[in-house]
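Before any comments, here is the structure.
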Amino acid sequence: MNDLSNYRKNYDKNELLETTIPEDPINLFNKWFFEIEAFGGADEINAMTISTIGLDGFPKSRVVLLKKFYEEGFIFYTNYDSEKGKAIATNPKVCLSFFWQAMERQVIIKGIAEKTIPIISDNYFASRPNGSKLGALVSNQSEVIPNRDFLEKKLLNLESSFEGKEIPRPDFWGGYLVRPQNVEFWQGRPNRLHDRIRYKIQEDYSWKIERLSP
């Protein structure tokens, strides 16, 4: 047995108070995101965990990259035919989470995922390096394959086919916009009395702000 009970840390780097936060969660997320960036505390600050309910009834979490956020919500890109894409098609309720250890912060977002309009996916796909574009075409994401060579050979064939040509976005690949319904900000504090502030969307699209017990 590996006993991890002595793994402990005291959290004391910051605080989160109702008197100093904006009325909506996107502005607070923006503030935290760029504070982390300025602090230099994350390799990929836009890395987030997305959790879905799979077709087998089990929840599944994996790390993806946030590519845009604005008043409407949070955008990431993936293969629509992947395990996560099929899960979202069946149940669009998802959870996004960020953990920024350097500043002892978490953000947990419950929201509804929907496909972005095609032009948004087209524009982002066009901005990607050719290797990433071909990678999207090569991978039947989440499908069983015989070995690594299968992928490498498929990539070589596609590189030859598209040499000197524009690589189009495949229909099975694109963006999701997650529209937040509930956003929780967690700031580590001493003695495990952490600050937890939750924003809940209301019928008039205003945000109700509540403090949660740690």
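The values are calculated or read from the model by the stated rules, or taken from the named source; none is laboratory data. Note that the structure is predicted; figures quoted are calculated from it, not measured. Don't worry about glycine lacking a Cβ; one is built from the backbone with ideal geometry, like all the others, and counts go over all protein chains shown. For accessibility, only protein heavy atoms count, side chains too; no ligands or nucleic acids. Shrake-Rupley method; radii C 1.70, N 1.55, O 1.52, S 1.80 Å.
Here are the numbers for this structure:
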{"quantity": "Number of the condition not met by ILE26 [criteria: (1) open to solvent by 40 Å² or more (accessible area, probe 1.4 Å); (2) within 16 Å of the chain's Cα centre (by Cα); (3) of a type in the set (Val, Ile, Thr)]", "calculated": "(1)"}
{"quantity": "Those residues of the stretch 1-23 which are closer than 14 Å to GLU104 by Cβ and open to solvent by 90 Å² or more (accessible area, probe 1.4 Å), in sequence order", "calculated": "ARG8, ASP12, LYS13, GLU15"}
{"quantity": "Number of the condition not met by TYR199 [criteria: (1) aromatic (Phe, Trp, Tyr); (2) in contact with a Phe, Trp or Tyr (Cβ under 6 Å, 6 or more places away or on another chain); (3) over 30 Å from ARG8 (Cα atoms)]", "calculated": "(3)"}
{"quantity": "Residues being surrounded by 14 or more Cβ atoms within 10 Å (Cβ to Cβ), of a type outside the set (Phe, Trp, Tyr) and either part of a helix (DSSP H, G or I) or in contact with a Cys (Cβ under 7 Å, 6 or more places away or on another chain) (or both) - total across the stretch 32-49", "calculated": "2"}
{"quantity": "First in the stretch 130-148 and at positive phi, second anywhere and open to solvent by 60 Å² or more (accessible area, probe 1.4 Å) and assigned to a helix (DSSP H, G or I), Cβ under 9 Å, 6 or more apart", "calculated": "SER142/GLU83; SER142/LYS86"}
{"quantity": "First in the stretch 34-53 and without any contact (Cβ under 8 Å) to a residue 24 or more places away in the chain, second anywhere and surrounded by 15 or more Cβ atoms within 10 Å (Cβ to Cβ), Cβ under 7 Å, 6 or more apart", "calculated": "GLU37/ILE45; ASN46/LEU66"}
{"quantity": "First in the stretch 168-183 and more than 10 Å from ALA113 (Cβ to Cβ), second anywhere and part of a loop (DSSP other than H, G, I, E, B) and open to solvent by 60 Å² or more (accessible area, probe 1.4 Å), Cβ under 7 Å, 6 or more apart", "calculated": "PHE172/ASP81"}
